[in-house]
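To keep things clear, I will list the structure first and then write my remarks on it.
The values are calculated or read from the model by the stated rules, or taken from the named source; none is laboratory data. What you are looking at is a predicted structure, and each value in this text was computed from that prediction instead of being measured. When we count neighbours, we look across all protein chains shown, and the Cβ atoms used for this are built from the backbone with ideal geometry, even at glycine.
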Amino acid sequence: MIRTLACFALLALAAPSAAQDSAPAAPTAAPAPPAAPKPAVVHVTLQTSAGPILLELEKERAPVTTANFLKYVEQKRLDGATIYRAVAIADGFGLIQGGVRNDAKRVLPPIAHEPTSKTGLSHVSGTISMARAAPGSANGDFFITVGDMPSMDADPKLPGDNLGFAAFGHVVEGMEVVKTILVGPVSPTAGEGALKGQMLEPAIRIVSAKRTD
């Protein structure tokens, strides 16, 4: 629209002087509205034994979950923890999981659940989200998706526990590290129930977790 109005103005200026006297003034384009500010984010680097993973966390859209993760980072509760699980559902599709694994020396109290229906986020490829049992039980364990997984989003239309998982950021650098971990060797016997055959052997060490804003 702005480009069309600008061309109209140029044509009016190029017309003969007689036409200019009788032609109405060209309309002036209204200024474009200011762009909406981008939601506030914070960056954290997980330095792992497989390489660095840079995360962008949604501290504005998922404030409770992001604040909880930052507590683990700033209190160094993730330093020395591990990425211990890899679920390779299909070629180039799955998730890796890491965190404190209920280590009494590292774990903090659980937090309120922030469903994607509230935050507006979704489990696209590279999303970091909180592992949980019942809603409101998440503490210091997280997972990162490889491939889009909308089934992990909240869906109020479904019966039962339909609140999904609390997505709170995404990988901005290091997806190649995530994908390498996903296809790493797993133990055929470690893990209980559905986790059997999904436990990395060896686990990937989180050397450090630091804010890198």
| task | Give the range 78-130 a look and list any residue that's surrounded by fewer than 23 Cβ atoms within 10 Å (Cβ to Cβ), of a type in the set (Asp, Glu) and at pLDDT 95 or above, or say none. | result | 79, 103
| query | Regarding residue 61, is this residue farther than 18 Å from residue 206 by Cα, touching a Gly at 6+ places or on another chain (Cβ under 7 Å) and buried (at least 19 other Cβ atoms within 10 Å of the Cβ)? | reply | yes
| message | I'd like the full set of residues that are under 15 Å from the mean Cα position of the chain (by Cα) and buried (at least 21 other Cβ atoms within 10 Å of the Cβ), limited to the range 136-152. | response | 142, 143, 144, 145, 146, 149
| field | Which numbered condition residue 179 fails, given (1) assigned to a strand (DSSP E or B); (2) closer than 21 Å to residue 152 by Cα; (3) not β-branched (Val, Ile, Thr) | value | (1)
| task | Could you please find all residues in the range 111-132 being out of contact with any Phe, Trp or Tyr (no Cβ under 6 Å at 6 or more places or on another chain), of a type in the set (A, V, I, L, M, F, W, C) and more than 16 Å from residue 56 (Cβ to Cβ)? | result | 111, 112
| Does any residue in the range 165-186 that is among the charged types (D, E, K, R) come within less than 7 Å, Cβ to Cβ, of a residue that is surrounded by 22 or more Cβ atoms within 10 Å (Cβ to Cβ) and modelled with pLDDT of 95 or more six or more places away or on a different chain, and which pairs are these? | 179/146
| Of the residues that sit in the range 192-202 and are without any contact (Cβ under 8 Å) to a residue 40 or more places away in the chain and over 16 Å from residue 50 (Cα atoms), which one is surrounded by the fewest Cβ atoms within 10 Å (Cβ to Cβ)? | 193
| message | residue 184 - would you say it is farther than 21 Å from residue 107 by Cβ, touching a strand residue (DSSP E or B) at 6+ places or on another chain (Cβ under 8 Å), in the same structural domain as residue 72 (by TED's automatic domain parsing) and part of a loop (DSSP other than H, G, I, E, B)? | response | yes
| task | Just give me the residues in the range 155-167 being hydrophobic (A, V, I, L, M, F, W, C) and buried (at least 22 other Cβ atoms within 10 Å of the Cβ), in sequence order. | result | 165, 166, 167
